[in-house]
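Any read-out appearing in this document is the output of simple, stated calculations on the displayed coordinates, not a laboratory observation. All of these numbers come straight from a predicted model, not from anything done at the bench. In this analysis, Cβ positions are derived from the backbone assuming ideal geometry, glycine residues included, and neighbour counts consider all displayed protein chains.
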Amino acid sequence: MPDQPKQDPPAEAEAPPAPAAPRAEGHSGGGPPRREGGPGGVPRREGGPGGPGGPRRGKRQFFRKKKVCRFCVEHVDFIDYKKADMLQPFVQDRGKILPRRMTGTCSRHQRWLGEAIKRARNIALLPFATEL
Amino acid sequence: MQERLYDLIFICRPATPEEEVNKIVATLEHSAGEHGGKVDKVERWGTRRLAYRVSKHREGFYVYLVVRGTQSDMIKELERRLKVADPVIKYQTIRLDEELKRQAKLARHRERRAGRRPRKAAPTAPALPGAEQAAPAN
């Protein structure tokens, strides 16, 4: 996941030579970046305009639904720390707060959510870390 | 000073008899009154499982209060009482009024925007075909 921001600029750089293909890539969201992994930069630049890039892209393509902030949809103005079961889906099994990129929460709500989770932890409604 | 609103939660040992809890709530109400405050709401959530061990307990009796007051000493006094009270194993006070204020502000803002939207769509309709479609829907 940390390579995502790194991967985005190459996709844009690719756009001028072959406008149609990269656009399709853009729709599939974060899909293509994963394919390239670490050493991705150079091969991608070759594959983009040329033929070999095409089939590869088709094979590995997968759709990622656009994530929408759950709280924005419901117009939530205040995240209640007392409703621990409501916060539960935003916490990993071990008690970590899930990052925004996993849940699709917008930055404002993530901020409130983090606060709510921390409050809930303080009063033993949510764990700091699950003990084994 | 403006009136402030607080959430106060405390957890008692699971074996605490009901009267003990009532006594603690009564003392809190009393000392809130002494400092010019008021306990708006008392909710007993009952015995719940704690997410982690607190003073070797895995369960606790939760009591939730909503307190309002104007003096900051009030919370100090309430927390001191909870600290001293034997059956209480954990407590937390959270100031709520600013968040409620923010919430009200956002709600007002949204309302205003919702009211403005149809009016705004009308003049832009000729320029944007998308807006044209949206306008009759509203």
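Taking a Cβ cut-off of under 13 Å around A:ASP85, the surrounding Lys, Arg, Asp and Glu residues balance to a net charge of +3, with basic ones at +1 and acidic ones at -1. Label-to-label distance for B:ASP40 and B:ALA26 is 2.6 nm, based on points extended 7 Å past Cα in the beta-carbon direction. For the residues of B:45-58, the average number of beta carbons from a partner chain within 10 Å of their own beta carbon is 3. Taking a point 7 Å out from the Cα of B:TYR52 in the direction of its Cβ, the residues of region A:106-122 whose backbone N falls within less than 19 Å of it are A:114-122.
In the structure shown, the pairs A:LYS67/B:LYS41; A:LYS66/B:LYS90; B:LYS23/B:LYS101; B:LYS23/B:LYS105; A:LYS96/B:LYS38; A:LYS118/B:LYS41 are assessed against 31 Å; a Cα-Cα span above that value is assigned to A:LYS67/B:LYS41; A:LYS66/B:LYS90; B:LYS23/B:LYS101; B:LYS23/B:LYS105; A:LYS96/B:LYS38. The B:LYS83 and A:ARG108 beta-carbon pair, evaluated with R₀ = 35 Å, returns a calculated FRET efficiency of approximately 0.50.
In order along region A:80-86, the phi-based Karplus estimate (6.51 cos²θ - 1.76 cosθ + 1.60, θ = phi - 60°) of 3J(HN,Hα) comes to 7, 6, 7, 8, 5, 6, 6 Hz; Gly and Pro are listed as x.
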